[in-house]
Amino acid sequence: MIIHCENVSKSYNASKVLDRISFQVTEQKITGLIGRNGAGKTTLLKMIAGFWHTSSGNLEVFGNDPFNNLTVSANTIFVDDQMAFPETLTLWDLLIEAGRFYQHWDAGLAGRLFEYFQFNKKQFHHHLSKGKKSTFNMIVGLASRSPLTIFDEPTTGMDSAVRKDFYRALLKDYLAHPRSILISSHHLNEIEDLLEDILLIDDGNLVLHTSIDDMREYAIAITGNYSQLDAWINGKEIFHKEKVGINEMYVIMKNDVPTEEIERYGFHISSVSPNDLAVYMTNKTRGGIDDVFDSK
Amino acid sequence: MILDHRSTTPIYMQIATWLETEILKEHFKQDEKIYSQYQLAEMFQINPATAAKGLTLLGQEKVLYDKRGLGKFVSPDAKKIIKNKRKNDVLVKSIEKIVMEANHLEINESELLQIVQQVYREKGGEGK
């Protein structure tokens, strides 16, 4: 067990950012943390890394309360676009210092990635562009080989070619050196193949914790005649419905109805990508962007 | 093969189907060791757990068998099992769809059979 999280809450002043979250992460998995802006992803990750206190509940990482804990900090790296490095050291010096700090550091990998992404040894971190900063931080995150590696929105500012390279490098290095990886992202469609499990949070609550394979089969989309489909879904659990075309309806619902029944009504079935499902499951009560314009 | 993310078929089943085709093409012969979950993960850029699920599926269908500690191997009956399964699952289901489409288009049985025969003459024997 790497992470044990039981009824963990976090509040700032009067507002609750995380509300009694419970889940467990077992060893050597890549887990994706998915949620909208402000859902509480960074707060959760920073508490796991031991940067921030919990407000209540029981959080254990490697069997310890992570806050101010030596075991946790020696075995964990937290990568985001705000990693702080000493301003007087060049990029190359930073890699050398990181090698002294992280027990499992792979200097060869760090050097090869450094060269591949065309960094200059004498450059300074604070002079890098946003995307280059993220790329350098990613190199540190991968080369550290930390038993718990946390990437919080690691691809901020990276162009799509670098993002692809990053995902590929992450998977290759994980296959060669399995470890526990937590990665938060807005781009679930880009990372879903890498993931084993997914944690979906919305507004401080845990919505779903499942394997990505189960999430791919969790829901189905049904299209059909508006009034027929509307009558049929009555009483069923629906994640999303919208009118399409002139009198057709598009519905996303839990995948627990036999295909034959749906086909008998002449409805059309299609799959729902984990990314779309995540969007719909975290968008239930607010309606859509169309409502903003329609209610004018 | 490129994975189809828009398909209703889950990734692990696409992996299983691809391996079946490799076996039918005899790229893997009887009692030969098949790709490991890690090799498949690397080839298709997927999580090894997803690849493992595809392998497990083929194990359950007796297409593959386990040698403890050595990996998964192609079982002697693999081709027979795959052909049987595909005939029932893929071929019959595909024909059901074709017949339904023919109904929509008001194409009768003999017309449809003619088309099938024509396509068979053109494409039959390909893909072996």
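The values are calculated or read from the model by the stated rules, or taken from the named source; none is laboratory data. Keep in mind that what you see is a predicted model, and the values were worked out from it rather than measured. Here the Cβ positions follow ideal geometry from the backbone for every residue, glycine too, while neighbour counts run over all protein chains shown. Surface areas here come from the heavy atoms of the whole protein model, side chains and all, with no ligands, DNA or RNA. Shrake-Rupley method; radii C 1.70, N 1.55, O 1.52, S 1.80 Å.
Set the bar at 22 Å for Cα to Cα. Now go through B:LYS62/B:LYS83; A:LYS29/A:LYS164; A:LYS164/B:LYS25; B:LYS72/B:LYS93; A:LYS16/A:LYS41 and name every pair that lies beyond it. If you can, show how the numbers build up before the last one.
Details: B:LYS62/B:LYS83 13 Å; A:LYS29/A:LYS164 20 Å; A:LYS164/B:LYS25 32 Å; B:LYS72/B:LYS93 30 Å; A:LYS16/A:LYS41 13 Å.
In this structure, A:LYS164/B:LYS25; B:LYS72/B:LYS93 exceed 22 Å between Cα atoms.
Rounded if a/c is under 1.5, else prolate if a/b beats b/c, else oblate: with a ≥ b ≥ c from the C-alpha gyration tensor eigenvalues square-rooted, which is the stretch A:217-294? Oblate.
Counting only residues at least eight positions apart within a chain, or on another chain, the aspartates and glutamates with an alpha carbon under 12 Å from that of A:LYS132 are A:ASP81, A:ASP159. The A-B contact accounts for approximately 1500 Å² of buried accessible area, totalled over both chains at a 1.4 Å probe radius. Considering only beta bridges that DSSP places wholly inside the stretch A:1-156, some 80 percent are antiparallel. Between 0 and 90 degrees, the angle of helix B:109-123 with respect to the longest Cα principal axis of chain B falls at about 50 degrees.
What percent do you get for the relative contact order of the stretch B:11-76 when only Cα pairs under 8 Å and 6+ apart count? Display every interim value, and only then the final one.
On the way: 75 pairs, mean separation 25.8, N = 66.
Taking the mean separation of contacting Cα pairs over the length of the stretch B:11-76, I get 39 percent.
Suppose every K and R has +1 on its Cβ and every D and E has -1 on its Cβ; what is the size of the dipole of the stretch B:11-76 about the Cα centre, in Debye to the nearest 20? Mind dumping the intermediate values first?
Values: 8 positive and 8 negative charges, 37 e Å.
The calculation lands at about 180 debye.
Taking Cα atoms, how many degrees apart are the long axis of helix B:92-104 and the longest axis of chain B, rounded to 10 and kept between 0 and 90? Helix B:92-104 sits roughly 30 degrees off the main axis of chain B.
For the segment A:193-200, counting C-beta atoms of other chains within 10 Å of every residue's C-beta and taking the mean gives 3.
May I ask you to derive the relative contact order of the stretch A:36-155, considering only C-alpha pairs under 8 Å and at least 6 residues apart, and to give it as an integer percent? Provide the component values of the computation, followed by the final result.
Numbers: 150 pairs, mean separation 37.5, N = 120.
31 percent.
Restriction of the GluC sites (Glu not before Pro) in the stretch A:1-65 to DSSP coil positions whose beta-carbon has at most 16 other beta-carbons within 10 angstrom yields A:GLU27.
Bridge orientation summary for the protein assembly as shown: considering DSSP beta bridges with both residues in this region, about 70 percent are antiparallel. Alpha-carbon geometry of the stretch B:1-58: the Rg and the Dmax are 11.0, 34 Å, given in that order.
Using all alpha carbons of the protein assembly as shown, what is the percent of pairwise distances in each 10 Å bin, ordered from the shortest bin to the longest? Taking all Cα pairs of the protein assembly as shown, the binned fractions are 4, 17, 24, 24, 18, 9, 4, 1, 0 percent. Oblate is the label for the stretch B:79-122. Its Cα gyration tensor axes, ordered a ≥ b ≥ c, give a/c of at least 1.5 and b/c at or above a/b. Need one word for the stretch A:1-69: rounded, prolate or oblate. Basis is the Cα gyration tensor (sqrt eigenvalues a ≥ b ≥ c); a/c below 1.5 gives rounded, then a/b vs b/c decides. Here the stretch A:1-69 falls in the oblate category. A dipole drawn for the stretch B:79-122 from +1 and -1 charges on Cβ atoms has a positive end, and of B:ILE81, B:ILE95, B:ASN108 the residue lying farthest that way is B:ILE81. With everything on Cα atoms, drop me the angle between helix A:91-101 and the longest principal axis of chain A, reported from 0 to 90° to the nearest 10. The angle comes out near 90 degrees. Here the relative contact order of chain A, from alpha carbon pairs under 8 Å that lie six or more residues apart, stands at 19 percent. Secondary structure note: in the stretch A:143-296, about 80% of the DSSP beta bridges are antiparallel.
About the centre of its Cα atoms, chain A shows a dipole size close to 900 debye [charges on the beta carbon of Lys, Arg (+1) and Asp, Glu (-1) only; nearest 20 debye]. Distance from the C-alpha centroid of the stretch B:53-116 to that of the stretch A:71-98: 53 Å, rounded to the whole angstrom.
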